[in-house]
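Let me begin by presenting the structure, written as structure tokens, before commenting on it.
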Amino acid sequence: MKLAMIGFGQAGGKIVDKFLEYDQNTNSGIVRSAVAVNTAKADLLGLNQIPEQNRVLIGQARVKGHGVGADNELGAEIAEEDIDEIQGAIDNIPVHEVDAFLVVAGLGGGTGSGGSPVIAKHLKRIYTEPVYGLGVLPGSDEGGIYTLNAARSFQTFVREVDNLMVFDNDAWRKTGESVEGGYDHINEEIVRRFGVLFGAGEVEAGDNIAESVVDSSEIINTLDGGGVSTVGYASEEVERSSNGGGLLSRFKGDDGGDDGMDTANTTNRITSLVRKAALGRLTLPCEIEGAERALLVMAGPPEHLNRKGIERGRKWLEEQTGSMEVRGGDYPTNAPKVAASILLAGVHNVPRIKELQQVAIEAQDNIDDIRQQSEDNLEQLVEDDEDELDPLF
């Protein structure tokens, strides 16, 4: 799948930068074009892969290149005001060569959470290609203002895109990690999961052809219908044989043969991997029952991909989700592992979103109370002198 990626804000820019690095390392060719948009000049200078001419600094008249300080209303205003500057960079994208736009943003800060819904709305008004969002939720320990930003941005963003894929930092943060190390780890997880998904179906001359091709239309049809999506992933390393006979996986018997026992073993291993991907850590933890649509992609060396196993995994997904729209296929790669990537679209039972909204409502009430208290305190501070002193004007 060929994507035009737009990273909005600090987190969005870093994730798109990481996608370009993934493309280089895997030759997957997912990112046809990449743009980074920010109100903070330092964040744009910190990118490594996105071409300098595709880095757009907005809001210079308002914030002088120093960011919006977690004020996402200001972030949205600046995106609206400087939409022509952003469009100037988008004009360089060969839109006729892309399958969809992907707007990537952290939803807790100011620039990304405020600007990403604005650019999504703008893109949908101008282009016929689908516009998807990839939104990253802040950790619950990051504070009330970031939670409030995320809840308001999520509510707006999901209505402006054709589908909003979500990654929840809270579910992926490791204890004891440095801030930089923690975010690097999270960004790698994001790119790994979505990279396998979007890379499926891309075939060059000389590549192995999938038995059951998953191409961009399968992904688009799964995401069609809007709502919120999450991605599951599980993989097993390929083992090398001790006799130098090439790659042998746990999915094969010791002799690498194709007898009935080996085929049954391969099938069972693949279905087990599918279950791990669906029931393990999702990018947005939720109950998979009730997901409206799903897509299964099995990636790995072609000799270790088993059509029967993939079909069984797909049927198991149908039973677990209750959906009649479950697509599936294989994605032959040269990577020394077999991986299952599962896209669950239209999920509803998401406790984290309910919790986020509740905490945000409380934070909003607290902020209103604090502002009112501040005004009352100021009045009390100066009113004692008002009878004796005349104001300057």
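The values are calculated or read from the model by the stated rules, or taken from the named source; none is laboratory data. Not measured: the values here are computed from a predicted model. Cβ coordinates were reconstructed from backbone atoms using ideal geometry, including for glycine residues, and neighbour counts include every protein chain displayed. These accessible areas exclude ligands, DNA and RNA; they are computed on the full protein's heavy atoms, side chains included. Shrake-Rupley method; radii C 1.70, N 1.55, O 1.52, S 1.80 Å.
All of (1) farther than 25 Å from Pro138 by Cα; (2) among the basic types (Lys, Arg); (3) at pLDDT below 95 hold for Arg281 with one exception: (1). Within segment 32-70, the residues that satisfy the criterion of being free of Cβ contacts under 8 Å to residues at least 60 places away in the same chain, in a loop (DSSP other than H, G, I, E, B), within 17 Å of Gly106 (Cα to Cα) and within 22 Å of the chain's Cα centre (by Cα) are Gly46, Leu47.
Could you look through segment 219-245, keep only residues that are in a strand (DSSP E or B) and either open to solvent by 30 Å² or more (accessible area, probe 1.4 Å) or modelled with pLDDT under 95 (or both), and pick out the one that is nearest to Pro130 (Cα to Cα)? Reasoning before the result, please.
Keep residues of segment 219-245 that are in a strand (DSSP E or B), which gives 228-240.
From what's left, either open to solvent by 30 Å² or more (accessible area, probe 1.4 Å) or modelled with pLDDT under 95 (or both): 235-240.
Values: Ser235: 29, Glu236: 33, Glu237: 35, Val238: 36, Glu239: 40, Arg240: 42 Å.
The extreme case among them is Ser235.
For segment 290-330, which positions are touching a residue at least 40 places away in the same chain (Cβ under 8 Å), open to solvent by 10 Å² or more (accessible area, probe 1.4 Å) and out of contact with any Lys or Arg (no Cβ under 9 Å at 6 or more places or on another chain)? Those that are touching a residue at least 40 places away in the same chain (Cβ under 8 Å), open to solvent by 10 Å² or more (accessible area, probe 1.4 Å) and out of contact with any Lys or Arg (no Cβ under 9 Å at 6 or more places or on another chain): Gly290, Glu292, Pro302, Leu305, Arg307, Lys308, Ile310, Arg312. So which residues in segment 13-31 are within 15 Å of Phe101 (Cα to Cα) and either in a loop (DSSP other than H, G, I, E, B) or among the charged types (D, E, K, R) (or both)? Correct list: Gly29, Ile30. If you go through segment 102-124 and pick out every residue that is open to solvent by 10 Å² or more (accessible area, probe 1.4 Å) and aliphatic (A, V, I, L, M), you end up with 1.
Would you mind finding the one in Ala335, Ala360, Ala340, Ala345 that is among the aliphatic types (A, V, I, L, M), at pLDDT below 90 and open to solvent by less than 30 Å² (accessible area, probe 1.4 Å)?
Values: Ala335 fails: open to solvent by less than 30 Å² (accessible area, probe 1.4 Å); Ala340 fails: at pLDDT below 90; Ala345 fails: at pLDDT below 90.
Ala360 is the lone residue from the list that is among the aliphatic types (A, V, I, L, M), at pLDDT below 90 and open to solvent by less than 30 Å² (accessible area, probe 1.4 Å).
Kindly indicate which of Gln60, Gln10 is surrounded by fewer than 17 Cβ atoms within 10 Å (Cβ to Cβ) and modelled with pLDDT of 95 or more.
Details: Gln10 fails: surrounded by fewer than 17 Cβ atoms within 10 Å (Cβ to Cβ).
Unique residue meeting the criteria: Gln60.
Checked against (1) touching a strand residue (DSSP E or B) at 6+ places or on another chain (Cβ under 7 Å); (2) open to solvent by 10 Å² or more (accessible area, probe 1.4 Å); (3) of a type outside the set (Val, Ile, Thr); (4) under 26 Å from Asn187 (Cα atoms), Asp71 meets all criteria but (1). Looking across segment 9-24, just one residue is out of contact with any helix residue (DSSP H, G or I) (no Cβ under 6 Å at 6 or more places or on another chain) and of a type in the set (S, T, N, Q), and that is Gln24.
Considering Arg193, Arg173, Arg152, which residue is in contact with a Gly (Cβ under 6 Å, 6 or more places away or on another chain) and basic (Lys, Arg)?
Numbers: Arg193 fails: in contact with a Gly (Cβ under 6 Å, 6 or more places away or on another chain); Arg152 fails: in contact with a Gly (Cβ under 6 Å, 6 or more places away or on another chain).
Of the residues listed, the single one that is in contact with a Gly (Cβ under 6 Å, 6 or more places away or on another chain) and basic (Lys, Arg) is Arg173.
The set of residues in segment 13-57 that are among the acidic types (Asp, Glu) and open to solvent by 50 Å² or more (accessible area, probe 1.4 Å) comprises Glu21, Glu52.
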